[in-house]
Amino acid sequence: MAASLSKRVLRTFGSFTALGRSNASIISVSKLVKNVPFRLPLISNCLSVSFGTANASGNGYSDLKCGMGLLSNRKLSTSILTPDDSFPHDLLSQKTVITPDRTIGYEITLISERRQYQDLVIPVTNFQNEDKGFMVLAGDVFDVPVRKDIIHHVVRWQLAKRQQGTHSTKTISEVSGTGRKPWNQKGTGRARHGTLRGPQFRGGCVMHGPRPRSHAIKMNKQVRRLGLKIALTARAAEGKLLVFDDLALPTHKTKNIVNYYNQMETTKKVLVVEGGPIDEKLKLATQNLHYVNILPSIGLNVYSILLHDTLVMSRDAVNKIVERMHTPINR
């Protein structure tokens with residue numbers, strides 16, 4: 001069966017003359033294709049076929065044998081052959097290569113994020129325990145898979161970034177003192193020294209001490225966002241997420257917050273999240289309570305949620321947090 005060779009194979013056979021065989025009788029490609037019964041499925045079988053008697057003697061046979069050896073050494077695959085109707089299609093790859101479309105700056109590309117979420121329905125109340133209806137929480141914010149490793153990384157990132165890094169010690173060039181040699185090199189019986197500002201002397205320098213630097217570590221914005229989602233999901237799953245219609249108080253008295261806190265069982269610390277500017281009455285009512293803290297929605301973070309076992313959010317705060325989580329990330 002005659003085989004159709006690609007241009008790459010033709011160039012390989014055409015380069016035999018460059019191997020020092022210009023004086024030998026070279027078999028033309030047309031005769032080679034006509035007389036050699038190639039087996040298409042495997043190129044290595046070309047080495048084991050029997051050639052005609054017309055080409056089995058002389059330099060032509062040695063050239064052909066050398067050329068087939070070159071083909072074998074170059075490890076050419078069947079992809080260099082042009083398949084025809086008789087080519088066994090079962091040897092071809094059936095996989096379909098598809099480049100997935102990716103929306104830049106929207107959602108994290110983790111497998112845990114690629115699933116359908118169910119929205120949560122939670123009752124809405126206020127400080128007077130009045131029924132204010134229900135609110136639907138977005139499932140992709142308040143019902144994501146809980147991953148402790150993400151929480152751990154985000155907390156480490158927060159604690160490292162908030163360090164001032166202003167620690168400093170003086171080197172030998174910064175310590176106040178004379179540069180004079182304290183005593184002679186020899187003859188005193190004492191150890192030899194060239195300065196009194198060294199680290200072994202009182203009031204001397206500090207070697208390899210801390211210097212002002214930033215302790216911040218790098219963390220992708222997608223991971224930070226996922227950490228906040230996981231923290232909100234954990235509080236919602238524990239039943240420690242409360243949604244208030246508003247955070248208005250009749251007066252600025254602390255007893256308003258204390259009375260409501262006493263009604264909350266198994267609660268030690270409360271974090272109140274306001275959507276907009278913090279109400280002045282609420283601020284005055286909670287400033288003397290060490291177990292109640294207030295944050296605006298823009299300042300809500302993973303570490304603060306973990307420090308408080310109960311999270312109280314207003315409707316406005318929930319809406320702003322969901323909008324913040326759905327905003328595309330600027331890269």
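The values are calculated or read from the model by the stated rules, or taken from the named source; none is laboratory data. Small disclaimer: the values here were computed from a predicted structure and weren't measured. Quick reminder, even Gly has a Cβ in these numbers, built from the backbone with ideal geometry, and neighbours come from all protein chains shown. These accessible areas exclude ligands, DNA and RNA; they are computed on the full protein's heavy atoms, side chains included. Shrake-Rupley method; radii C 1.70, N 1.55, O 1.52, S 1.80 Å.
Remarks
- Taken as a whole, region 292-304 holds at least one residue that is open to solvent by 20 Å² or more (accessible area, probe 1.4 Å), in contact with a helix residue (DSSP H, G or I) (Cβ under 6 Å, 6 or more places away or on another chain) and under 20 Å from R147 (Cα atoms).
- Considering (1) loosely packed, with under 12 Cβ neighbours inside 10 Å; (2) not in a loop (DSSP other than H, G, I, E, B), the lone condition that Q185 does not fulfil carries the number (2).
- Meets criteria (within 29 Å of Y303 (Cβ to Cβ), open to solvent by 70 Å² or more (accessible area, probe 1.4 Å) and in a loop (DSSP other than H, G, I, E, B)) for R213: yes
- Residue check, R156 among the charged types (D, E, K, R) and at pLDDT 95 or above: yes
- From the options T267, T286, residue that is open to solvent by less than 60 Å² (accessible area, probe 1.4 Å), farther than 25 Å from W157 by Cα and free of Cβ contacts under 8 Å to residues at least 40 places away in the same chain: T286
- Where I294 falls short, out of the listed (1) hydrophobic (A, V, I, L, M, F, W, C); (2) without any contact (Cβ under 8 Å) to a residue 40 or more places away in the chain; (3) assigned to a helix (DSSP H, G or I): (3)
- Test for G239: is it in a loop (DSSP other than H, G, I, E, B), free of Cβ contacts under 8 Å to residues at least 12 places away in the same chain and either within 20 Å of V292 (Cβ to Cβ) or touching a strand residue (DSSP E or B) at 6+ places or on another chain (Cβ under 8 Å) (or both): yes
- Within region 195-203, the presence of a residue that is touching a Lys or Arg at 6+ places or on another chain (Cβ under 6 Å), over 28 Å from R162 (Cα atoms) and modelled with pLDDT under 95 is excluded.
- K255 being over 22 Å from M135 (Cβ atoms), among the charged types (D, E, K, R) and modelled with pLDDT under 95: yes
- When restricted to residues that are buried (at least 16 other Cβ atoms within 10 Å of the Cβ), charged (D, E, K, R) and over 36 Å from the mean Cα position of the chain (by Cα), region 270-283 contains 2.
- Number of the exception - C205 against (1) part of a strand (DSSP E or B); (2) surrounded by 18 or more Cβ atoms within 10 Å (Cβ to Cβ): (1)
- Test: K229 is of a type outside the set (A, V, I, L, M, F, W, C), open to solvent by 30 Å² or more (accessible area, probe 1.4 Å) and either under 21 Å from S297 (Cβ atoms) or in a loop (DSSP other than H, G, I, E, B) (or both): no
- Residue match in region 123-138 (condition: assigned to a helix (DSSP H, G or I), within 26 Å of V272 (Cα to Cα) and among the aliphatic types (A, V, I, L, M)): no
- Residue within region 211-223 that is touching a Ser or Thr at 6+ places or on another chain (Cβ under 8 Å) and among the small types (G, A, S) present: no
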